[in-house]
Amino acid sequence: MSTNTDAIDVVDAGATSLLRFATAGSVDDGKSTLVGRLLHDSKSVLADQLEAVEHASRSRGQEAPDLALLTDGLRAEREQGITIDVAYRYFATPRRRFILADTPGHVQYTRNMVTGASTAELAVVLVDARNGVVEQTRRHAAVAALLRVPHVVLAVNKMDLVDYAEPVFAAIAEEFTTYAASLGVPEITAIPISALAGDNVVTPSATMDWYGGPTVLEHLETVAVVADPSDDPGRFPVQYVIRPQTAEHPDYRGYAGQIASGVLRVGDAVTVLPSGRTSTIEAIDALGQAVDVAWAPQSVTVRLSDDLDISRGDLIAPTAGAPGVSQDIEATVCHVADRPLTVGQRVLLKHTTRTVKAIVKDIPSRLTLDDLSQHPAPGELVANDIGRIVLRTAEPLALDAYADSRRTGSFLLIDPADGTTLTAGMAGTAFAEAAEEAAPAAAADDEGWDF
């Protein structure tokens with residue numbers, strides 16, 4: 001293990017690198033067929049799985065195997081020919097490993113796309129070449145921008161149905177790229193494909209010689225996803241305090257967890273939040289061995305030179321780049337529960353390993369993804385709504401802006417009565433922050449929860 005304290009060499013991508021990506025698109029754009037084609041043509045489908053798909057296809061009167069059935073696993077999905085739930089698939093090629101989230105296309109399942117794309121490093125947005133960019137396409141681009149997905153692929157599908165016409169592809173690619181770029185999507189790659197015929201999915205198309213770019217799989221295998229963790233601030237949420245108190249280790253006190261971002265080094269001056277106490281990293285244990293340096297997303301045990309009162313939920317960060325702490329949080333959220341989120345509602349806020357009580361003080365606005373307009377003072381958020389909220393927590397939180405850190409800038413709101421996940425939150429500003437200022441909502445009745 002490298003102990004270089006100046007830089008961390010993580011560019012060993014090769015066959016061991018991992019890419020998390022999500023697919024999205026309107027109904028019948030061919031998402032599940034594309035995923036099935038990727039799995040089939042990359043030899044990632046077991047023989048018995050393919051046999052089951054062939055049998056199911058024959059029973060439905062189809063001559064060729066319906067590759068969409070490889071991902072549409074729910075009975076309702078197969079009967080309706082749509083995707084409802086987020087289907088996760090794991091596959092690998094000699095060059096890279098993949099975790100794929102096939103998300104549904106219906107408007108009422110926007111929350112499912114948020115779930116699938118929340119951890120994605122790349123989003124594949126499908127467009128039917130016959131229909132072009134539609135409202136749902138814009139919604140999916142907006143969600144990808146909102147979640148700060150760094151890479152977006154526009155897959156213009158069903159090119160076989162428009163005679164593989166280059167002008168059709170060029171017009172769609174230009175319209176989508178202009179819109180996505182206006183939302184702040186940093187990288188957009190457009191690829192013309194036919195998922196049903198296999199054109200430009202895994203192998204280059206023989207009928208689109210006017211296209212000289214990569215296939216979908218080639219782009220997935222080569223897109224840069226490995227970054228130098230030294231560029232990110234160090235964040236170490238404590239999961240567990242290790243105190244064996246044995247004859248062999250009578251005074252051992254270690255703080256175990258997964259590094260959320262950045263790098264930790266022996267000798268670093270650190271601050272424990274939210275208490276603000278300071279110390280120095282005395283040792284780092286990884287896989288039972290002492291190391292001089294560790295980086296995200298390694299799981300390690302950190303030992304400090306001072307005996308401090310540290311417990312699960314505390315955050316250890318290098319003092320030089322430690323985040324601020326606050327009990328007042330403004331965030332963009334996507335409401336995922338069937339029951340609404342209302343002003344004055346008492347919730348639990350889970351941020352990394354810390355869970356605290358909180359109150360919804362205000363819901364300044366609700367965002368309409370169709371045109372990115374803000375609707376002031378909606379009073380509540382219902383399922384699939386995206387909006388701005390203001391929270392007050394019972395205890396201070398060390399929360400980064402989501403734009404700076406997707407890991408430590410995100411949180412969940414939980415119903416304290418039954419543990420149901422209510423809302424997924426992203427601290428700080430959203431891409432639509434320039435919209436009109438919302439009118440202030442009425443003050444919440446927070447008796448008994450006055451923080």
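On a full-extension model of 0.36 nm per residue, what is the gain between residue 62 and residue 44, subtracting their alpha-carbon distance, rounded to one decimal in nm? Display every interim value, and only then the final one.
On the way: separation 18, 0.36 × 18 = 6.48 nm, distance 2.25 nm.
That pair, residue 62 and residue 44, stretches by 4.2 nm at full extension.
Extending 7 Å from the Cα toward the beta-carbon at both residue 319 and residue 338 defines two label points whose distance is 5.3 nm.
If 281, 414 are ordered by their accessible area, calculated over protein heavy atoms with a 1.4 Å probe, which sequence runs from highest to lowest? Spell out each step's value before the answer.
On the way: 281 5, 414 30 Å².
The ordering from most to least exposed comes out as 414, 281.
Each residue, residue 197 and residue 373, gets one label point 7 Å from its Cα in the Cβ direction; the gap between the two is 4.1 nm.
Karplus-derived 3J(HN,Hα) values for region 342-355, using 6.51 cos²θ - 1.76 cosθ + 1.60 with θ = phi - 60°, are 10, 5, x, 6, 8, 9, 9, 10, 9, 10, 6, 9, 10, 10 Hz; glycine and proline are entered as x.
At the residue level, residue 357 shows approximately 110 square angstrom of accessible surface with a 1.4 angstrom probe and all protein chains present.
For residue 377, nonlocal amide neighbours, meaning residues 5 or more places apart or on other chains whose placed amide H falls under 5 Å from its own, are 365, 366, 439.
Distant-in-sequence amide contacts of residue 189, defined by a placed amide H-H separation under 5 Å and a gap of 5 or more residues or a different chain, comprise 152, 153, 154.
How large is the translational diffusion coefficient of region 187-312 in µm² per second when you combine the Kirkwood radius over alpha carbon pairs with Stokes-Einstein at 37 °C and 0.692 mPa s?
Details: Rh = 18.0 Å.
It diffuses with D of about 182 µm²/s by this estimate.
Peptides 164-170, 379-385: what's the order by average Cβ count within 10 Å, highest mean first? Display every interim value, and only then the final one.
Details: 164-170: 15.9, 379-385: 17.9.
By packing density, highest mean first, the sequence is 379-385, 164-170.
The values are calculated or read from the model by the stated rules, or taken from the named source; none is laboratory data. Here the structure is a predicted model, which means the values were calculated and not measured. Glycine also receives a Cβ, built like all others from the backbone with ideal geometry; neighbour counts cover every protein chain displayed. We work out accessible area using only protein heavy atoms, side chains counted, and drop any ligands, DNA or RNA first. Shrake-Rupley method; radii C 1.70, N 1.55, O 1.52, S 1.80 Å.
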